[in-house]
1. For the stretch 50-74, name all the residues that are over 16 Å from Y29 (Cβ atoms), modelled with pLDDT under 90 and not aliphatic (A, V, I, L, M).
2. Mind telling me which of the residues A57, A68 ends up being part of a helix (DSSP H, G or I), of a type outside the set (S, T, Y) and over 11 Å from the mean Cα position of the chain (by Cα)?
3. I'm told V38 meets every condition in (1) within 20 Å of V59 (Cβ to Cβ); (2) modelled with pLDDT under 85 except one. Can you identify the failing condition by its number?
Amino acid sequence: MIMDTQDRNAEGCCHRKWHHRSKCGSAVYCFGFIGAAVYYIQHAMTFWAGVIGVLKAIVWPAFLVYKALAFLSM
């Protein structure tokens, strides 16, 4: 749970808002990042190709969405 800063309602009384957030999306992204980083680093022939692979692993959801939309627009 994450507690936001205290807010005041119309009467001036303080209350706290609690936001419940799911951690499932973060876990999926984390596993995807690790898998993509391992894949790109294994296929890298040079150090800089490995660095580019790590950068690609960070933005892999953008590649996935782009390819999915390209496939669906056929």
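1. Matches in the stretch 50-74: S73 only.
2. Working: A57 fails: over 11 Å from the mean Cα position of the chain (by Cα).
A68 is the lone residue from the list that is part of a helix (DSSP H, G or I), of a type outside the set (S, T, Y) and over 11 Å from the mean Cα position of the chain (by Cα).
3. Condition not satisfied by V38: (2).
The values are calculated or read from the model by the stated rules, or taken from the named source; none is laboratory data. Remember, predicted model here, so these are calculated numbers, not experimental data. Heads up, the Cβs are rebuilt from the backbone with ideal geometry, glycines too, and the neighbour counts pull from every protein chain shown.
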